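First the structure, in the form of structure tokens, and then the observations on it.
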Amino acid sequence: MVLNDREKSPRPDFYRKEWIDLNGEWSFAFDDKQEGIARKWFRKIPEGKKIKVPFCYQCKESGIGEKEIHKHLWYEKAVPLTPEMKEKRLWLHFGAADQNTKVWINGMEAGIHKGGFTPFSFSVSEYIAADDEQMRITVYCNDGNDEVQVRGKQHWNKETDRCWYTPTSGIWQNVWMEMTGEIRLERIAVTPDIESKVADARIFLSDFPQSGVVKWSVSLEGRRISEGQQSITGKRDRFLIPVRNEDVIDNRSGLWEPSHPVLYNLTVELWEEEKLYDKIETYFGMRKIECRDGVIYLNHVPLYQKLVLDQGYWKDTLMTPRDSEALLKDVLLVKEMGFDGVRKHQKLEDPRFLYYADKVGLLVWEEIPSGYEFSDVAIRELLDTCVEMVERDYNHPCIITWVPFNESWGIRDVFWDERQQHYAESLYHLLHAMDHTRLVSTNDGWEAVRADMIGIHDYENCGKKLAEKFCDRERLLSANAVDKMILSATAQDNGEPVFLSEFGGIAVEDGDDTSWGYHEKAKNSEELLEKMKELFDAVSSISYLRGYCYTQLTDVEQETNGIVDADRRPKVDIKKFREIIQNSGT
């Protein structure tokens, strides 16, 4: 599998050709006494440990592999400076670092960021002197083990149990630098309109040029279909991209769908007079997802979704993929199994995964990692993560649903507590305010509040009982699935689409008493496949369901109910399993 430079880059969805990889060996230190700031470690951290970035210290691939809780972490790396790097503005990027991060360049503070799942970057050129031969980057991360912070599936204790796993602390996504002119394109948000055959592009700049011009061009399959330019009137501006080839749109061949994921390549340049400040290569898809009368439509055609739950963990690297190939392998594995999408569970996945999902046509439900406490601090942390998630991932056509809450985690009393109901519904409205192109499953699992669909989790092990429980929609929604009411006390059934958004979870006998799945383990691969077929047949018999999500794609640590193990080795015949998926649903 040979990847080009763009596919190897940390952000193939927002690509600059001039980028510098900073992954690899960094100096590293634990700061258990919390003395690093007072002792000015930002000038020089203690010598001794080395770590392989972007892997967290808890995982084997980092070179440390220690499971003890260390809340205070320091990193340091010296980067040689070239004349070209000094002539341009340098931007230091972090894909994600858990939890609170402070960065120094040559001993001078460059910036801070709070939150463990979203990207951040700083301009660093102003901290480099003309005679400097290298730039010293120092990073301090503070990662607590409390339940108030947005943590997803990371256990808050040293020992893991149930469906919570080894925590991830410090830098855990790519680190890199990019070179631009004095002003950069910070973000480009493209909203497709398949009826008008245009895409509305909003650009966000780091500064306001005196006489700036944005130039853009759009190509499809190597053929330029539109281009233009316009003057910039502010740090946030917009332009309309016509996608007017009537045949391409009207006969659906130019729309993004799982069966033919058409992507329009968009190049945007920022100029001031004869000076090129910045150039970005991105893309967008012409697609529309909507809900009407209890049915979800993709590009005006009813959509029955066949999803698999994907935790995004690897045995030796935890939440961090080993490389781009590992992400592409997972995307292709899901497609090979016959699913048309994934519910990315309790994790904001590496942008490269979403890039590959866009390319191959894989639907994605993106879920905000949970905190486990209801408080003012927890509200603020989740809100910030929510906003930054949409800003990073707005352009990906593969994402069709946002999931702000899972199974009332962080809102344990949402069934009856009006404050928690307001909180959950505020996320529903916030997401629609920022992004009207996607659906929202507000509290997926049970105790639903206002949402675009009702997601129900039920790990009933008997296919016949599952079908009987779900056969009557009205009866089901007025009752409970797994000792939890489907609707919160103030919610009403307004005819929303209903999903069985978690079911299955069957493990196979492995001789390990500490591993688990839901209910009794299957004795062998054949029994596992039979049990899977029984459940999928039951789901298919429920006529009003608009889709399902099977738990789960891979084993993760002690939770061994994956279709494949942690090394991505199938537990059942994939061809036979694919037949089950293809014959399921409506």
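The values are calculated or read from the model by the stated rules, or taken from the named source; none is laboratory data. Note that this is a predicted model, so its numbers are computed, not measured. Positions of Cβ are generated from backbone atoms using ideal geometry, with glycine treated the same way; all protein chains shown enter the neighbour counts. Calculation scope for accessible area: heavy atoms of the full protein, side chains included, ligands and nucleic acids excluded. Shrake-Rupley method; radii C 1.70, N 1.55, O 1.52, S 1.80 Å.
What the table below lists for this structure:
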| read-out | value |
| --- | --- |
| Criterion: assigned to a strand (DSSP E or B) and under 25 Å from the mean Cα position of the chain (by Cα) - qualifying residue of Val268, Val214 | Val268 |
| Every residue from segment 121-152 that is within 19 Å of Trp19 (Cα to Cα), within 24 Å of the chain's Cα centre (by Cα) and open to solvent by less than 30 Å² (accessible area, probe 1.4 Å) | Phe122 |
| Filter result for Asp512 (out of contact with any strand residue (DSSP E or B) (no Cβ under 9 Å at 6 or more places or on another chain) and on the phi < 0 side of the Ramachandran plot) | yes |
| Sole residue being modelled with pLDDT of 90 or more and under 28 Å from Glu527 (Cβ atoms), chosen from Gly511, Gly495, Gly505 | Gly505 |
| Residue that is farthest from the chain's Cα centre (by Cα) [pool: residues in segment 502-521 that are assigned to a strand (DSSP E or B) and farther than 10 Å from Tyr550 by Cβ] | Val508 |
| Residue count for segment 11-42, restricted to those that are at negative phi, open to solvent by less than 90 Å² (accessible area, probe 1.4 Å) and in a strand (DSSP E or B) | 9 |
| Residue list for segment 196-212, restricted to those being in contact (Cβ under 8 Å) with a residue 40 or more places away in the chain and under 15 Å from Arg252 (Cα atoms) | Lys197, Val198 |
| Looking only at segment 565-586, and only at residues there that are touching a helix residue (DSSP H, G or I) at 6+ places or on another chain (Cβ under 8 Å) and among the aliphatic types (A, V, I, L, M), the one that is surrounded by the most Cβ atoms within 10 Å (Cβ to Cβ) | Val572 |
| Hits in segment 391-408 (condition: more than 13 Å from the chain's Cα centre (by Cα) and open to solvent by 10 Å² or more (accessible area, probe 1.4 Å)) | Glu407 |
| Within segment 295-332, considering residues that are of a type in the set (Lys, Arg) and under 27 Å from Ser259 (Cα atoms), the one surrounded by the most Cβ atoms within 10 Å (Cβ to Cβ) | Lys306 |
| Residue match in segment 203-214 (condition: at pLDDT below 95, closer than 18 Å to Val262 by Cα, of a type in the set (A, V, I, L, M, F, W, C) and surrounded by fewer than 20 Cβ atoms within 10 Å (Cβ to Cβ)) | no |
| Residue satisfying all of: in segment 215-240; of a type in the set (Gly, Ala, Ser) and either out of contact with any Gly (no Cβ under 9 Å at 6 or more places or on another chain) or surrounded by 15 or more Cβ atoms within 10 Å (Cβ to Cβ) (or both); farthest from Glu186 (Cα to Cα) among these | Gly222 |
| Restricting segment 522-564 to residues that are assigned to a loop (DSSP other than H, G, I, E, B) and of a type in the set (Asp, Glu), the residue that is most open to solvent (accessible area, probe 1.4 Å) | Glu557 |
| Filtered residues of segment 350-361 (kept if of a type outside the set (Phe, Trp, Tyr) and either under 22 Å from Phe499 (Cβ atoms) or in a helix (DSSP H, G or I) (or both)) | Pro351, Arg352, Leu354, Ala357, Asp358, Lys359, Val360, Gly361 |
| Number of positions in segment 362-389 that are farther than 16 Å from Glu349 by Cα and either part of a strand (DSSP E or B) or in contact with a Phe, Trp or Tyr (Cβ under 7 Å, 6 or more places away or on another chain) (or both) | 2 |
| Inter-residue pairs, beta-carbon under 6 Å, first on the phi > 0 side of the Ramachandran plot and in segment 352-376, second open to solvent by 10 Å² or more (accessible area, probe 1.4 Å), 6+ apart | Gly361/Pro258; Gly361/Pro261 |
| Residues of segment 339-348 that turn out to be surrounded by 24 or more Cβ atoms within 10 Å (Cβ to Cβ) and under 13 Å from the mean Cα position of the chain (by Cα), as a count | 5 |
| Residue ID - nearest to Gly116 (Cα to Cα), chosen from residues in segment 189-200 that are under 22 Å from the mean Cα position of the chain (by Cα) and open to solvent by less than 10 Å² (accessible area, probe 1.4 Å) | Ala189 |
| Residue, most open to solvent (accessible area, probe 1.4 Å), within segment 158-170, restricted to residues that are more than 16 Å from Thr118 (Cα to Cα) and touching a residue at least 24 places away in the same chain (Cβ under 8 Å) | Arg162 |
| Members of segment 409-459 found to be open to solvent by 30 Å² or more (accessible area, probe 1.4 Å) and not hydrophobic (A, V, I, L, M, F, W, C), listed by number | Arg412, Asp413, Glu418, Arg419, His422, Glu425, Ser426, His429, His432, His436, Arg450 |
| Test: residue in segment 461-479 that is open to solvent by less than 30 Å² (accessible area, probe 1.4 Å) and either β-branched (Val, Ile, Thr) or closer than 30 Å to Arg287 by Cα (or both) | no |
| Where Ile20 falls short, out of the listed (1) touching a Lys or Arg at 6+ places or on another chain (Cβ under 9 Å); (2) at pLDDT 95 or above; (3) not charged (D, E, K, R) | (1) |
| Verdict on Glu336 being over 30 Å from Ile64 (Cα atoms), modelled with pLDDT of 95 or more, assigned to a strand (DSSP E or B) and open to solvent by 30 Å² or more (accessible area, probe 1.4 Å) | no |
